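Next up is a structure, given as C-alpha cells.
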Amino acid sequence: LVGTSRMLTVGVGGIVRNAAGHILLTKRADSGLWGLPAGVMELGETPAGTVVREAREELGIEVRPTRLLGVFSGPQYQLKYPDGNEVQVTSVLFECEWVGGSMRPDGVEALDAAFFAATALPPMFWVHEDILRRALASPDTAIFI
C-alpha cells in the first residue's frame, strides 16, 4: 500500500497494434476511461517483464516488447488520489508485438479491450493519452522527459 506519503513509482505500458495499425486499449475499471495495457512495476521485475505480466494478467495475451519508445517523468506526472495518496509516476513505454493468447479482459482491472485508430481514440486516462500522443508524434526517436 502507498499510504498517504508521497512516493515515486514506475509504471510500464505497451503499444500493441493489429495488422491495420490500430492501437490496443483497455477500459480501466478504476475510472471507466481507456488506457494502454500497463501497470506498476513490482520489486524484482524489469520494465519489459512488467508489461508482459500486465498484458497476461489483465488481458490474457502474451506480448513481446520490441522497442523502447520512451521514458516519461517529471512534476507534470504527479497524481493525487481521492484517498490522499500522492505519487509521481515515471512511465516506461514499449512497442510490443502480440505473440499469443486470446483476449479476455479480467473484469477486475480491465473491463474491455479494443483496437482504435490513432485518429479516433476514445476518452483516455490522461497520463496514457499524453505518453501515447508523444510517442505517436515521434515514431522514429525514443522520448526521454
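Compare Ala29, Ala110, Ala55 in a GNM of the chain, Cα atoms joined below 10 Å, and give the one with the largest fluctuation.
Per the Cα network of the chain with a 10 Å cutoff, Ala29 tops the list.
Given the options Thr46, Thr66, Thr119, state which has the largest fluctuation in a GNM of the chain using a 10 Å cut-off (strictly under) for Cα springs.
Thr119
Contact order normalised by length for the chain, with contacts defined as Cα pairs under 8 Å and 6 or more residues apart; what percent is it?
On the way: 300 pairs, mean separation 47.7, N = 145.
Answer for the chain is 33 percent.
Hey, can you grab everything whose amide H is under 5 Å from the amide H of Ala113? Only 5+ residues off in sequence or another chain; H modelled, so Pro and N-termini drop out.
Under 5 Å from the amide H of Ala113 lie the amide H atoms of Lys27, each far enough along the sequence or on another chain.
With both partners inside the chain, how many of the DSSP beta bridges are antiparallel, as a percent to the nearest 5?
65 percent
For segment 6-144, count all C-alpha to C-alpha pairs, find those more than 24 Å apart, and express that count as a whole percent of the total.
The answer is 23 percent, as a whole percent.
Further, regarding this structure: What's the angle, to the nearest 10 degrees (0 to 90), between helix 47-59's Cα axis and the longest principal axis of the chain?
Taking the Cα atoms of the chain, the angle to 47-59 is about 70 degrees.
State to the nearest 20 debye the size of the charge dipole of segment 52-145 about its Cα centre, where the only charges are +1 on K and R beta carbons and -1 on D and E beta carbons.
240 debye
Any read-out appearing in this document is the output of simple, stated calculations on the displayed coordinates, not a laboratory observation. The model shown is predicted, which means the values in this text are computed figures rather than measured ones. Cβ atoms come from the backbone with ideal geometry, glycine included; neighbour counts cover every protein chain shown.
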